[in-house]
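> Let me give you the structure first, and then I'll get to my questions.
The values are calculated or read from the model by the stated rules, or taken from the named source; none is laboratory data. This one's a predicted model, so the numbers in the text were calculated from it and none came from an experiment. Because the Cβ atoms are built from the backbone with ideal geometry, glycine has one as well, and the counts that use them run over all protein chains shown. Just the protein is used for accessible areas: all its heavy atoms, side chains included, with ligands, DNA and RNA removed. Shrake-Rupley method; radii C 1.70, N 1.55, O 1.52, S 1.80 Å.
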Amino acid sequence: MPKVLCLGGAHDRQVALRERLGSEFEVVEVTSSARALAELAKGDYIGIYADADHFSDVIDVGRFLQNERILQGMPDGVVLLAGDNTILWGNGRLREWTGRSDVVGANFYEVLGNPEITGPDFCPFHTAISTGKASASTLRCDHRYFRVHAIPVVENGNPPQHLIVTIRDVTADVLQQQKLTAIHQAGIELADLTPDEVANMPIEERIELLKSNILHCTQDVLQYDVVEVRMLDQ
């Protein structure tokens, strides 16, 4: 059955679109441009009816759809979320990262495998919805890290019900920072000996201590697989 998307408003009773079209068409009613966008992303619509109250919203949705190809080419993920964190639309990046084809309609956190939220905001989506202001945080998914930035969608001055969320894979940056921090700590441990302690150590013990510290830095911190220590100057 042909489907028509209806973005209703104050004139719904006067128009009576469902009665006018009859039983030969399926009318899907939505009350916001964000929901209209989510429905259009599913396809299978032959037309759109928009009440005069939402005419400008439909223009915005049309512009968004025109720019959808640009969003699909972005290296970052972009999704439209409902207030319960359900994904209404996505640019395809989450499907690539997770290998899931059923991203739309699923819970955002479940798609990422219920990641650990490492802060600074431990409820970024709830914060953005409740305050009407953007919020950001970092998620840890096994050995990957994602930076999420949530922006509330304000429609007609009403409290926000939807979020536009960008997701960036920051794994390389986070791991690099962790290495730098670990190297700094290892350097402190290397120097954490008093002159008296060194003086009381035999030469062989000093060499073994230095070797173990070097191995710790290169294997545990830098994660090198093969390490060789050579004495160049006796």
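> Report in % the part of the accessible area of the stretch 81-143 that belongs to carbon and sulfur, leaving out ligands and nucleic acids; probe 1.4 Å.
In the stretch 81-143, the share of accessible area belonging to carbon and sulfur is 47 percent.
> Skipping prolines and chain starts, which residues have an amide H placed within reach, meaning under 5 Å, of the one on Tyr145, given they are 5 or more residues away or on another chain?
Val170, Thr171
> Further question: Karplus couplings for the stretch 124-131 from phi (6.51 cos²θ - 1.76 cosθ + 1.60, θ = phi - 60°), rounded to Hz, Gly and Pro as x?
3J(HN,Hα) across the stretch 124-131, in whole Hz: x, 6, 5, 4, 5, 5, 6, 9.
> Name all residues of the stretch 136-156 having a backbone nitrogen under 18 Å from the label point set 7 Å from the Cα of Thr118 along its Cα→Cβ direction, giving them as ranges.
Under cut-off, by backbone N: 136-150.
> Additional query: Taking the stretch 93-139, which trypsin sites (Lys or Arg not before Pro) meet the DSSP loop condition and have no more than 12 other C-beta atoms within 10 Å?
Passing both the DSSP loop test and the Cβ count: Lys133.
> Could you give me the ³J(HN,Hα) list for the stretch 81-92, computed from phi with Karplus coefficients 6.51, -1.76, 1.60 and θ = phi - 60°, whole Hz, x at Gly and Pro?
With the stated coefficients, the stretch 81-92 comes to 10, 7, x, 9, 6, 7, 7, 9, 7, x, 8, x Hz.
> Then there's this: Work out, step by step, the length gained on full extension between Val227 and Val154: first 0.36 nm times the residue separation, then minus their alpha carbon distance; give nm to one decimal.
20.6 nm
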